[in-house]
Amino acid sequence: MLGARLAELGPHSTGQHTVTSLAVPNAGSLIQSVDWVAIAPPLIAAVAALAVLVADLFLPERHKKWLGRLTAAGLALALISLLPLTGGSPRATFCAQNVAGATDNAGCSYVADHFALVFQLLALGGALIAALLSAHTVESEKLPGGEYWFLLLSSATGAALLPASRDLATMVVALEVASLPAFALVALRRDGRGAEAALKFFVSSVTATAVMLLGVSFVYAASGSLHLGAVAEGLEHAPAQLKPLAEAGAVLTLVGFAFKVAAVPFHFWVPDTYTGAPLPVAGYLSVVGKAAGLSGLALATTVAFRPYAHTWGLVLAVLAAVTMTVGNVGALRQRFDTRYSAVRLLAWSSVGQAGYLLVPLAAAGYAPTAADPLGATAAYALIYGVVNLGAFGVVAAVGRRAGTSVDDFRGLFARSRWTALALAFFLLCLAGLPPGVIGLFGKVVVFRAAVDAGLGWLAVVMAVNVVVALYYYLLWTARLFAPAAVAAGVEAGTGAGVEGGVESRLPLSLTATLGLTASVAVVLSVAPQLVLQVAGGSLF
């Protein structure tokens with residue numbers, strides 16, 4: 001009442017002092033209630049990170065293993081918090097009601113729609129599998145447990161926040177929250193390679209972020225807003241003299257997301273970083289880091305830069321073709337007898353897979369609505385995330401007693417039958433061959449998105465690359481089933497997985513990781529509609 005009265009009176013005098021009213025019309029609109037259910041997934045991961053950090057200060061050394069269990073429990077709880085958000089209309093919070101050009105949730109900074117939920121499922125689920133995979137690594141490599149789990153949860157928080165972000169400022173912050181802890185995770189390995197890998201990762205990322213921030217400033221200057229919907233409105237009606245600034249800003253903004261996706265030419269850090277990082281961290285970066293960049297790239301292009309759809313559609317199509325080609329050629333050139341060749345092969349494979357993931361995004365630039373092509377990207381990303389983390393899990397299991405070169409997997413079936421079968425299934429899924437049916441269906445969905453958008457040349461390039469990739473995937477698979485006589489020399493030299501002629505038992509965390517990823521991949525191959533229905537519905 002007092003504020004309303006002062007607003008009516010305006011500037012007035014009380015005694016010898018002049019009082020100026022600071023009240024604004026409709027002041028109640030400035031007070032917002034936070035939708036805690038909507039922000040629960042990243043919030044729970046952030047709270048778990050703080051809990052791990054505080055618990056590390058008080059737990060005695062013999063009880064440090066509970067930090068890993070607390071991490072897994074926090075990520076599982078964050079995944080469960082996605083359930084109340086499904087099946088209803090999108091929930092939004094942190095909204096500015098007076099954003100120019102805002103419609104529906106266009107003026108909100110956080111929107112929990114179908115798109116956000118799919119990529120949050122991928123980010124938090126991938127982080128949970130990486131946490132299970134990390135339990136043995138943290139113990140065996142004597143990594144600092146408190147710091148490791150805190151950094152993993154912090155990075156997962158940023159990766160879960162990014163898909164729900166609906167303004168450029170929040171997207172940049174989320175991207176950096178996902179990236180900065182990842183630098184430290186890579187550097188935690190104390191054998192010299194970790195520091196070098198982290199430095200390459202850091203320098204490349206900082207450069208990409210600086211370019212991205214410059215682009216965001218250009219976009220803001222041209223559109224007058226940071227909210228994605230308002231940016232699209234502003235760019236569409238921008239004055240002619242600001243068009244070059246807006247176009248340059250759009251291109252520069254996409255650089256940061258292209259770096260996270262590991263698209264060419266922003267891929268050079270991938271092989272060395274994956275090799276120098278702890279194996280669970282490499283698997284985490286290949287799936288969760290890629291999911292974060294992919295979601296940001298999809299939001300920036302299909303929402304904020306929709307007025308330039310045909311321009312970025314062509315750019316992404318060329319980028320997809322070059323990325324998948326460079327990734328597969330790099331994998332073909334990888335020697336199987338060199339140290340860490342298995343990790344480097346998966347690194348180059350992830351670059352090639354990034355090219356496939358970019359194909360539906362490119363198609364979205366030519367589609368009347370972006371929903372269907374984005375559904376193909378989301379479906380393929382979910383499939384890729386499961387099988388790629390499973391492959392890294394097998395490499396970690398074999399690397400316990402052997403090396404991590406591809407030749408160390410020769411004859412694996414003779415000494416570790418189920419582990420070999422799991423890796424063979426994961427590789428066949430990545431290749432898109434039966435019995436990895438889900439991998440085949442995923443590639444068909446991506447291929448169809450390119451054809452439906454009229455990008456026939458891109459579909460041809462993809463088909464050629466899929467055939468090329470068959471060579472190294474099948475060559476690695478064939479080594480798993482080499483005759484026992486051929487593998488004898490390898491076993492004598494390394495004792496890979498064998499103790500006294502009897503297969504050694506895998507740690508519980510590795511067994512859980514392989515069992516979980518293999519079970520999900522098999523179920524999806526039997527009932528692919530569970531994930532492929534994502535490709536058939538609207539993501540926004």
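Calculated accessible area for the chain comes out at 40 Å² per residue, all protein chains present (probe 1.4 Å; ligands, DNA, RNA ignored). For the range 190-303, the convex hull drawn through the C-alpha positions has a volume of 91 cubic angstrom per residue. Two numbers describe the Cα atoms of the range 112-220: Rg and Dmax, which are 15.5, 49 Å. Over 20 Å apart: what share of the alpha carbon pairs of the range 318-387 falls there, rounded to a whole percent? Of all Cα-Cα distances in the range 318-387, 38 percent exceed 20 Å. Here the label points at Trp36 and Leu214, each 7 Å from Cα along the C-beta direction, are separated by 4.4 nm in the simple model.
If r is the Cβ-Cβ distance from Arg335 to Asp191 and R0 is 30 Å, what FRET efficiency results, to the nearest 0.05? Working from the Cβ atoms, E equals 0.85. Here the relative contact order of the chain, from alpha carbon pairs under 8 Å that lie six or more residues apart, stands at 13 percent. Under 5 Å between amide hydrogens, built in the peptide plane, is the criterion, and for Phe94 it picks out Asp35 among residues at least 5 positions away or on other chains. Rg and Dmax over the alpha-carbon atoms of the range 313-459 stand at 16.7, 54 Å. Return the FRET efficiency for the residue pair Val444, Val54: r is the Cβ-Cβ distance, R0 is 60 Å, and the value is rounded to the nearest 0.05. In this case the efficiency is close to 0.80. Using only Cα atoms, locate the centre of the range 211-276 and the centre of the range 145-203, then give the distance between them in Å, rounded to an integer. Going from one Cα centre to the other spans 20 Å.
Compared with the alpha-carbon gap, the fully stretched path from Leu83 to Leu314 is longer by 79.5 nm at 0.36 nm per residue. In a fully extended conformation the segment linking Leu421 and His237 would gain 60.5 nm over its present Cα-Cα distance, using 0.36 nm per residue. The Cα atoms of the range 418-472 cover 43, 19, 11 Å along the three principal axes, with the biggest extent listed first. Listed by number, the DSSP H helices of the chain that run 30 Å or longer by alpha-carbon position along their axis and have mean Kyte hydropathy of at least -1.0 are 114-140, 193-223, 309-333, 341-364, 371-399, 456-480.
Dividing the summed helix terms, -39500 (n - 2.57) for each DSSP H run of n ≥ 4, by the number of residues in the chain produces a 222 nm estimate of -22500 deg cm²/dmol to the nearest 500.
Reported value for the range 49-185: 106 Å³ per residue, from the convex hull of its C-alpha atoms. With the convex hull drawn over the C-alpha atoms of the chain, the volume per residue is 170 Å³. The lysine pair count for the chain, using Cα distances under 21 Å and pairs eight or more places apart or on different chains, is 6. For chymotrypsin sites (Phe, Trp or Tyr not before Pro), the sites in the range 393-485 that DSSP calls loop and that have at most 16 other Cβ atoms within 10 Å are Phe481.
The values are calculated or read from the model by the stated rules, or taken from the named source; none is laboratory data. Remember, it's a predicted structure, so these values are computed and weren't measured experimentally. Because the Cβ atoms are built from the backbone with ideal geometry, glycine has one as well, and the counts that use them run over all protein chains shown. For accessibility, only protein heavy atoms count, side chains too; no ligands or nucleic acids. Shrake-Rupley method; radii C 1.70, N 1.55, O 1.52, S 1.80 Å.
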